[in-house]
Amino acid sequence: MIRPMAVELIVNARLATMRAGRYSLVEDGAMRIRDGRIEWIGSSREAGSATGDRLDAEGALITPGLVDCHTHLVYAGDRAIEFEQRLKGAGYEEIARAGGGIVSTVRATRAASGAELRRQSQVRFEALRRAGVTTIEIKSGYGLDPDSELKCLRVARSLGGDHARVVTTLLAAHAVPPEFAGRADEYIDCVCNEIIPAAAHEKLADAVDAFCEGIGFSPAQTRRVFEAARAHGLRVKLHADQLSNLGGAALAAEFGALSADHLEHTDAAGVDAMARAGAVAVLLPGAFYFLREKKLPPIDELREKGVPMALATDCNPGTSPIASPTAILNMACTLFRLTPEEALAGMTCHGARALGLENEIGTLEIGKRADVVLWDCEHPSQLAAQIGMFQPRAVVFDGRVVLKMGSG
Ligand code: DI6
Ligand code: FE
């Protein structure tokens, strides 16, 4: 792909800067960009002229580039057939016993070459990018052996570059692979002694995650994974309390996690621990929707204790096959009762914090990376209040136009 065009000045925009997690609107706003960063923000009248490229927003809304801080978009194959089977009455376990479920994705992912895995994953990556996402976290977790996990991380890394930023997470502790059936502790030995050291050595992972759950790994096993991550200088995050309360949120907090994610079954003690540790709560309404869950995450408690709430697609083949960030904004409001402002903050400002990138991205402020979406609408509440109506008119990543409606 050719290197995209740099922008020097954007004018005539309603800027939703998302500073401090609020819309913090600047009417008739303008923005100056230099070396990929925001150099100045003010009113169009004071903006002056540009020697380089100038983008006229014609009154449209501009937000920070969206941050999708939790995805599993690198995998091969497809499980739509299981969706159909389930609607005809088959149970999740029945499907898994017949070779379906997560194991079928692992089989397809292991069998795919790096190039084929990249080709399939890129479709989802591009869907997110075209919907206004400029920073995407991608987890491994469908390889589950040293070579396949590293292959997934390499593919994830290769998707980032001039058009969007990728942050990678090693999720080797996602499920027990078939060859270790009944020997989860031995698989955790492999994760701690082989996979984490190899990923750290090749600098392929920015953080380490685990699935702490009855059908995943116990708190004791998760603790071992976190200790290995810490020994290799990697930050941690956790799939915590999604289907049951195993104290995952408190465990994540104890290890200074960037975030604890899901949290449907987190109790008051877990929320307190997160608040004290400064961990971000990553809410994933897509999985809640798809699994038809009933138990809501403790939104009021998180809000009261000042725990930042990020939002993400959880894009994966089994429980959240969703590549639409704005659909997630809407689900967060309809299902979790977030306000549209909280929802947008979750996919910008707080999403950035969940990745440890709060000083670089997530708001429109001087000194931050110039990741900007120009929307085909006027007010930020419109982004969450509907599904599929408003698209990005243009996306600027690192100060360069990487997407323009009607072109690539
Ligand atoms: N939580 C989930 O719900 C999924 N993984 C996870 O950590 C399940 C992923 C799948 O079924 O492929
Ligand atoms: Fe997930």
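On the stretch given as region 384-408, residues that are open to solvent by 20 Å² or more (accessible area, probe 1.4 Å), closer than 13 Å to Ala60 by Cβ and at pLDDT 95 or above total 1.
Going through region 41-55 one residue at a time, which ones are in a loop (DSSP other than H, G, I, E, B) and within 19 Å of Lys368 (Cβ to Cβ)?
Ala47
Could you tell me how many of the residues in region 210-243 are over 22 Å from Pro308 (Cα atoms) and at pLDDT below 95? Adding up the residues that qualify gives 4.
If the condition is being more than 14 Å from the chain's Cα centre (by Cα) and closer than 13 Å to Arg303 by Cα, then region 342-362 contributes only Glu342. When Met274, Met331 are checked against the criterion of being under 17 Å from the mean Cα position of the chain (by Cα) and either closer than 21 Å to Ala205 by Cβ or open to solvent by less than 40 Å² (accessible area, probe 1.4 Å) (or both), a single residue qualifies: Met331. I want to confirm something. Restricting to region 191-217 and keeping residues that are in a loop (DSSP other than H, G, I, E, B) and away from ligand 2 (no atom under 14 Å from the Cβ), which single residue is most open to solvent (accessible area, probe 1.4 Å)? Per the criteria, the residue is Lys203. Being under 19 Å from Cys69 (Cα atoms) and more than 16 Å from the chain's Cα centre (by Cα): is that true of Glu301 here? No: the conditions fail for Glu301. Is region 265-282 home to any residue that is within 12 Å of ligand 1 (Cβ to nearest atom) and in contact with a Pro (Cβ under 9 Å, 6 or more places away or on another chain)? The answer is no, given that none of the residues of region 265-282 is within 12 Å of ligand 1 (Cβ to nearest atom) and in contact with a Pro (Cβ under 9 Å, 6 or more places away or on another chain).
For region 240-254, the set of residues classified as more than 15 Å from ligand 1 (Cβ to nearest atom) and farther than 18 Å from Arg276 by Cβ consists of Asn245 only. Could you check, for region 348-363, whether at least one of its residues is open to solvent by less than 10 Å² (accessible area, probe 1.4 Å) and closer than 25 Å to Lys294 by Cα? Among the residues of region 348-363, at least one is open to solvent by less than 10 Å² (accessible area, probe 1.4 Å) and closer than 25 Å to Lys294 by Cα, which makes the answer yes.
Among all residues of region 352-363, there is none that is touching a helix residue (DSSP H, G or I) at 6+ places or on another chain (Cβ under 9 Å), without any contact (Cβ under 8 Å) to a residue 60 or more places away in the chain, farther than 30 Å from Leu234 by Cβ and part of a loop (DSSP other than H, G, I, E, B). In region 228-243, which residues are surrounded by 21 or more Cβ atoms within 10 Å (Cβ to Cβ) and in a loop (DSSP other than H, G, I, E, B)? Asp241, Gln242 - these are the residues of region 228-243 that are surrounded by 21 or more Cβ atoms within 10 Å (Cβ to Cβ) and in a loop (DSSP other than H, G, I, E, B). Name, by its number, the condition in (1) surrounded by fewer than 19 Cβ atoms within 10 Å (Cβ to Cβ); (2) more than 15 Å from ligand 1 (Cβ to nearest atom) that does not hold for Tyr289. Single failed check for Tyr289: (2).
Looking at Leu251, Leu246 in this structure, which one is surrounded by 18 or more Cβ atoms within 10 Å (Cβ to Cβ), away from ligand 2 (no atom under 15 Å from the Cβ) and either modelled with pLDDT under 95 or not in a helix (DSSP H, G or I) (or both)? Walk me through how you get there before you give the answer.
Working: Leu251 fails: either modelled with pLDDT under 95 or not in a helix (DSSP H, G or I) (or both).
Testing whether each residue is surrounded by 18 or more Cβ atoms within 10 Å (Cβ to Cβ), away from ligand 2 (no atom under 15 Å from the Cβ) and either modelled with pLDDT under 95 or not in a helix (DSSP H, G or I) (or both) leaves just Leu246.
Look at region 140-159: where a residue is among the basic types (Lys, Arg) and open to solvent by 40 Å² or more (accessible area, probe 1.4 Å) and a partner is at pLDDT 95 or above and not in a helix (DSSP H, G or I), sitting 6+ places away or on another chain with Cβ atoms under 8 Å, you get Arg154/Leu204; Arg157/Val166; Arg157/Thr168; Arg157/Leu204. Checking each residue in region 69-110 for being in a helix (DSSP H, G or I) and of a type in the set (S, T, N, Q) picks out Gln85, Ser104, Thr105, Thr109.
Residues that are open to solvent by 10 Å² or more (accessible area, probe 1.4 Å) and within 16 Å of ligand 2 (Cβ to nearest atom) were ranked within region 65-82; the one that is farthest from the chain's Cα centre (by Cα) is Arg79. State whether one or more residues within region 52-69 are within 16 Å of ligand 1 (Cβ to nearest atom) and in contact with a helix residue (DSSP H, G or I) (Cβ under 9 Å, 6 or more places away or on another chain). Yes: one or more hits.
In region 298-317, the residues that are over 20 Å from Met18 (Cα atoms) form Cβ pairs under 8 Å with partners that are of a type in the set (Val, Ile, Thr) and within 16 Å of ligand 1 (Cβ to nearest atom), at six or more places apart or across chains, as follows: Pro298/Thr266; Asp314/Thr71; Asp314/Ile322; Cys315/Thr71; Cys315/Ile322; Asn316/Thr71; Pro317/Thr105.
The values are calculated or read from the model by the stated rules, or taken from the named source; none is laboratory data. Since we're looking at a predicted model, the values are computed, not measured. Here the Cβ is made from the backbone with ideal geometry for all residues, glycine too, and neighbour counts use every protein chain on show. For the accessible areas, the whole protein counts, side chains as well, though only heavy atoms, and no ligand, DNA or RNA atoms are used. Shrake-Rupley method; radii C 1.70, N 1.55, O 1.52, S 1.80 Å.
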